[in-house]
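Q: Take a look at the following structure, please.
The values are calculated or read from the model by the stated rules, or taken from the named source; none is laboratory data. Computed from a prediction, not measured in an experiment: that's the story for all the values here. Ideal geometry is used to build each Cβ from the backbone, glycine not excepted, and the neighbour counts take in all protein chains shown. Note: accessible area is taken over every heavy atom of the protein model, side chains too, but ligands, DNA and RNA are not part of it. Shrake-Rupley method; radii C 1.70, N 1.55, O 1.52, S 1.80 Å.
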Amino acid sequence: MTARHERDWMEFVAELMAEPLTEFPAERIALRLGETFDGLGCSFNDMAPGRAPTIELYPLRENFSGYRDQIEEWSIERAAEEHPLLRFYIGTGLRVPVRTHDVPATYADPRVCGEWTALARSCHCQDQMALPLRLQPGVHRAFVLGRGEPFTDAELDLCRVLWRVLTGLDRQVSAFARARRETGAAGHDVASALRLTPRESAVLTLLSQGLTAGAIGRRLDIAERTVHKHLERCYAKLGVADRLSAVLRAQRLGLFGRVS
């Protein structure tokens, strides 16, 4: 992996962050991941309480050797108990990029993971690498790349960089979507007139809910100093000098549906 890959990805994610996205662009990212890491396929797994789990498979060089339906069914029904990566995440509580060949034997017991091993080998994706965006009880959202050759240490290093920026993008999209639902079309028109970026709109919305800069940073997975930079730009666009004035002016303009 080279500095060019990292630079290209930063530009790609910056472009996504500038778009008014209310749905996470999983397909665009999955295809880009597959291209960067020369993968045979990339899946986007999304599981959360109160709705059916989903898995989207994006074949890159082949259609998973005809095993697409079997992979989808197995991933939804059995992966939590038998996939070494998911077993590792559930067992440790860690949320970091991991390769299957790095998973300790405790979580990759052949007796438990045997069917996964056979299925992965059949579709030539026996080495996999995961980028978990969300991981908490009952919630699992991640990209999983697969190919026949082992992922290198350099590729894992790049994956760690991408994991951070993609986690931030995921949280921004969620926050912006909530803001759009609360404000409706009128609030969107105000934001457009003020030339607020999606990230600035998300930061302002969280500010209106009483969150501190530190809490906003944790919610969006960005540094507190980055939050302050976004707030400075929001203040300038609103023509105010502090957070209270910003919230009040934005409220008067109709930017928020309500202030919590």
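For (1) of a type in the set (Ser, Thr, Tyr); (2) over 21 Å from the mean Cα position of the chain (by Cα), each residue gets a yes or a no:
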| position | (1), (2) |
| --- | --- |
| 102 | no, yes |
| 107 | yes, yes |
| 111 | no, yes |
| 118 | no, yes |
| 152 | yes, yes |
| 162 | no, no |
| 168 | no, no |
| 175 | no, no |
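Q: Would you say residue 37 is at pLDDT 90 or above and under 16 Å from the mean Cα position of the chain (by Cα)?
A: On the way: at pLDDT 90 or above: yes; under 16 Å from the mean Cα position of the chain (by Cα): no.
So residue 37 does not fit the description; no.
Q: Hey, another quick one. If the requirement is being free of Cβ contacts under 8 Å to residues at least 40 places away in the same chain and within 23 Å of the chain's Cα centre (by Cα), which of these qualifies: 232, 224?
A: Within the list 232, 224, the selection yields 224.
Q: If you don't mind, another one. Taking helices (runs of 4 or more DSSP H) that fall entirely within the stretch 161-240, which contain at least 2 residues that are small (Gly, Ala, Ser) and either under 29 Å from residue 96 (Cα atoms) or at pLDDT 90 or above (or both)? Before the answer, list the steps.
A: Details: elements: 198-208, 213-220, 224-238.
Ranges flagged: 198-208, 213-220.
Q: Quick check on my filter: what residues within the stretch 1-13 are open to solvent by 30 Å² or more (accessible area, probe 1.4 Å), at pLDDT 90 or above and either among the aliphatic types (A, V, I, L, M) or not in a helix (DSSP H, G or I) (or both)?
A: Within the stretch 1-13, 10 is the sole residue that qualifies.
Q: Taking the condition of being closer than 15 Å to residue 38 by Cα, open to solvent by 30 Å² or more (accessible area, probe 1.4 Å) and in contact with a strand residue (DSSP E or B) (Cβ under 6 Å, 6 or more places away or on another chain), how many residues in the stretch 143-178 meet it?
A: The number of residues fulfilling the criteria is 1.
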